[in-house]
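What follows is calculated from the coordinates using simple rules that are stated; it is not laboratory data. Just so it is clear, the model here is predicted, and its values are computed rather than measured. Here the Cβ is made from the backbone with ideal geometry for all residues, glycine too, and neighbour counts use every protein chain on show.
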Amino acid sequence: MASYIKLPVGEEHIEPILDRKNQIVNKVEAILPTAKIEKVTRRFNEKLEEIRQIFRDCSLLNTELREMSPLEHVFLGIGDVARDADVSVSYARSTTKDLAVQERPQTSEVSATTAESTAAKCTTQSSASAEVIPGNAIIPPVTPEEFEIIPKYMRGRMTISELNDIVGKLDEFLSMKRNLLNAPFKKLPMKDKDQVCKWKEQEPAPIVGQLFCQEADVKPLMKDRSRALFRTALPCLRHVRRIKEEPAPIVGQLFCQEADVKPLMKDRSRALFRTALPCLRHVRRIKEVRHRGQVYLLPVDWEPTWVYEQDMDAALLDDYHMTVEVLGPLYTPENLQKTCIKEMDLVIKRQSKREQQSNDEVILDLMPYEQVKKLYPEELFAYMESTFSLPDEMCTAFEKDDGPKKVSRRKKKSTK
């Protein structure tokens, strides 16, 4: 039983495939859009991960069969033991059942006495290995021998059962994630579809297509004791090669470092900076990312405060110290082709009411007519009143001349 499962391909055949894939991507990235290339590359990485999972499953099966091989050698050596003890064993077929029944107990007694210790030792080893390493576990539990290798300063007062509880939660989440990723996407419920899409969006570039989890994914599944020991367990699991940590990428994200902010602070704020960081993390204002020995501070994703149409009031949007004036439509070729002012874009001027004004306090906005009418109706009416006038023949119709005519004082004296 030297070899049990042989595959015509292995990990050494994957590297040429990846090189060829990179060559194709480099050639077509100037032609195809980036979104399409990423979509095809994601499917390729998923299939590649399935192939690698097959390789890992075959290696696990080979390991289990290799652990069972001493038992095979024990049972194959029964004939040699019987031959050394001068026990006659007849391999010819017997016509009666009594002869077979009489001869079988002799060989069984010899094998039991001679190979008893070896078989018992092998069965205990195989049963112990079966208890420690489940067949379908993604992250195997830590064995007592491996736990003793972990330095005392690293594990502290944590026991092996507490460490394996954390390993079990990691394995539970990764198994659930693998089942969802391998399931047909169209058959998943909407909640699971959203979760799968979220996982694929969070995939960092170095580990695309690989199973991974984050601290926020696993902690809700743990008890209070396991949550408190999670940060202590991570270096222990790295030491026994159960996990590896990949720092989250910060390319294209807004971040700052301690050295960038401290020069802007006063002495009291500098002294309280290290105290303020865990408080800001607790209220979800910032998050820390460690990469190559550096600590980066990133703002936490926030939900926008939406503004609704009923809130779109000029008195609420503008400062009370600003005056608003409608200057008129913008002189552009587009506005010149239009015949009605309702179709034009108007220029709005906002200026501070302070006595000493500067050019920086003058704001010019370009808005459509309907928006100006909605936000600044009074200012628009004043502009229309100052620029538009009715013809004279229409104005005379509105003039009232019912009252007595005024007579000058000179005319009054002359009449007397």
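Side notes on the structure shown:
- The range 258-299: C-alpha gyration tensor shape, a/c 1.5 cut-off, then a/b vs b/c: oblate
- Over 31 Å between alpha carbons, listed pairs Lys338/Lys374; Lys39/Lys177; Lys223/Lys266; Lys198/Lys266; Lys47/Lys152: Lys223/Lys266; Lys198/Lys266; Lys47/Lys152
- Ranking of Met176, Met344 by count of other Cβ atoms within 10 Å, fewest first: Met176, Met344
- Couplings 3J(HN,Hα) for the range 228-235, derived from phi with the Karplus relation 6.51 cos²θ - 1.76 cosθ + 1.60 (θ = phi - 60°), are 5, 9, 5, 5, 6, 6, 4, x Hz, where x marks Gly and Pro.
- Report note on the peptides 372-382, 279-289: ranked by the mean count of other C-beta atoms within 10 Å, highest first, their order is 372-382, 279-289.
- Net charge of neighbours whose Cβ lies under 14 Å from the Cβ of Arg43, counting Lys and Arg as +1 and Asp and Glu as -1: +1
- The order of the peptides 47-58, 258-269 by mean Cβ neighbours within 10 Å, most packed first, is 47-58, 258-269.
- With the simple spin-label model, which puts each label point 7 Å out from Cα in the Cβ direction, the Thr339 to Leu272 separation comes to 6.8 nm.
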